[in-house]
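As structure tokens, the structure follows; a few thoughts come after it.
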Amino acid sequence: MRLSQKARMNRMFTHGGCLDVALDHGVCNEPSFLKGLENMESVVTTLIDAKPDAIQMAYGQADLLQSRPEKDKPALVMRIDMGNPYNDQRHRVMWSELQNHDEPIIGALEMDAACVVVNLFMLPDEPDLFHQCVKNISRVRAACHTYGMPLMIEPLVMLPNDVRGGYQVDGDAQKIITLVRLASEMGADIIKADPTADPEDFHRVVETARVPVLVRGGGKEDLKTVLQKSAALMAQGAKGMVYGRNIYQHDNPKAVVNALMAMIHHGASGDEAWDIYNRG
């Protein structure tokens, strides 16, 4: 008998929202992403104490969360693919691969994950990469249906590498909406979407998705700016965030989690969240 999808979703969306702290950056093979993640055991301990709704990890580190005995620890969201679009220099061949082609969610089932996450890259002049992602999602969607595993799709519309190295987010609302629509059509249960350049456009992303939308954090920014922007996106209908560097690269990750959780679960404004952060 399979565990129901709803039971797994409920682990993540406590009281209707979700803060998913992403620690899966090691699969990107990008040195700058690893600052703050040198000691994963320590990072996971800090976050378990901070109590976000979920922690996003790849298979090779997931035991650091799932071997812990705490009954109220965050849910596990498992990254099950990897790719090479995040480096400063464009590669000769761009790729995105499932970590297990034959049984794509077997590791997530083994680790009792609440959800799996897969990329949908839309990079300029990289149709083969896009095709790989579509094939990955098709394979994962079938496995998720079989085992009642929620599928989070991460549609990523990126700028050309020569505009800003490391394939940075485009931010064009229409491009994001179009790719989110594809993710929805492919059967996403949750969508992790980039913020639109104008936060006031984000309700269109939410309407297109028809499933819970979590905002992708991207690179580290000034925290007060992050909190103000996050509040604006929540007001547009986002159900929470998937933030990594904006949490684990801060001196006090627990305080950042407290601020974001107050915003997601108690409706705190950007200014109120900033005050909560400063109270530690």
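The values are calculated or read from the model by the stated rules, or taken from the named source; none is laboratory data. Note that the structure is a prediction, hence the values are computed from the model and not measured. Glycine gets a Cβ as well: all are built from the backbone with ideal geometry, and neighbour counts include every protein chain shown.
If you go through the stretch 58-108 and keep only what is part of a loop (DSSP other than H, G, I, E, B), touching a strand residue (DSSP E or B) at 6+ places or on another chain (Cβ under 8 Å) and at pLDDT 95 or above, you end up with P74, I80, P104, I105.
Conditions (1) over 28 Å from M40 (Cβ atoms); (2) buried (at least 18 other Cβ atoms within 10 Å of the Cβ); (3) modelled with pLDDT of 95 or more; (4) within 14 Å of the chain's Cα centre (by Cα), marked per residue:
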{"position": "T196", "(1), (2), (3), (4)": "yes, yes, yes, no"}
{"position": "G217", "(1), (2), (3), (4)": "no, yes, no, yes"}
{"position": "E221", "(1), (2), (3), (4)": "no, no, no, no"}
{"position": "Q249", "(1), (2), (3), (4)": "no, no, no, no"}
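Scanning the stretch 118-132 turns up no residue that is over 29 Å from G171 (Cβ atoms), surrounded by 19 or more Cβ atoms within 10 Å (Cβ to Cβ) and modelled with pLDDT of 95 or more.
Going through (1) in a helix (DSSP H, G or I); (2) more than 23 Å from M122 (Cα to Cα); (3) of a type in the set (D, E) one by one, E221 falls short only on (1).
Restricting attention to the stretch 26-43 and to residues that are of a type in the set (A, V, I, L, M, F, W, C) and within 26 Å of W95 (Cβ to Cβ), the residue that is surrounded by the fewest Cβ atoms within 10 Å (Cβ to Cβ) turns out to be L34.
In the condition set (1) touching a helix residue (DSSP H, G or I) at 6+ places or on another chain (Cβ under 8 Å); (2) of a type outside the set (D, E); (3) more than 16 Å from G171 (Cα to Cα); (4) part of a helix (DSSP H, G or I), F202 is compliant with all but (3). Among the residues of the stretch 24-57, the ones that are within 20 Å of I106 (Cα to Cα) and modelled with pLDDT of 95 or more come to 5 in all. For the criterion of being out of contact with any Gly (no Cβ under 6 Å at 6 or more places or on another chain), acidic (D, E), at pLDDT below 95 and surrounded by fewer than 23 Cβ atoms within 10 Å (Cβ to Cβ), E207 fails.
Checking each residue in the stretch 134-158 for being of a type outside the set (A, V, I, L, M, F, W, C), surrounded by 15 or more Cβ atoms within 10 Å (Cβ to Cβ) and free of Cβ contacts under 8 Å to residues at least 40 places away in the same chain picks out only P155. For the stretch 29-57, the set of residues classified as of a type in the set (S, T, N, Q) and part of a strand (DSSP E or B) consists of Q56 only.
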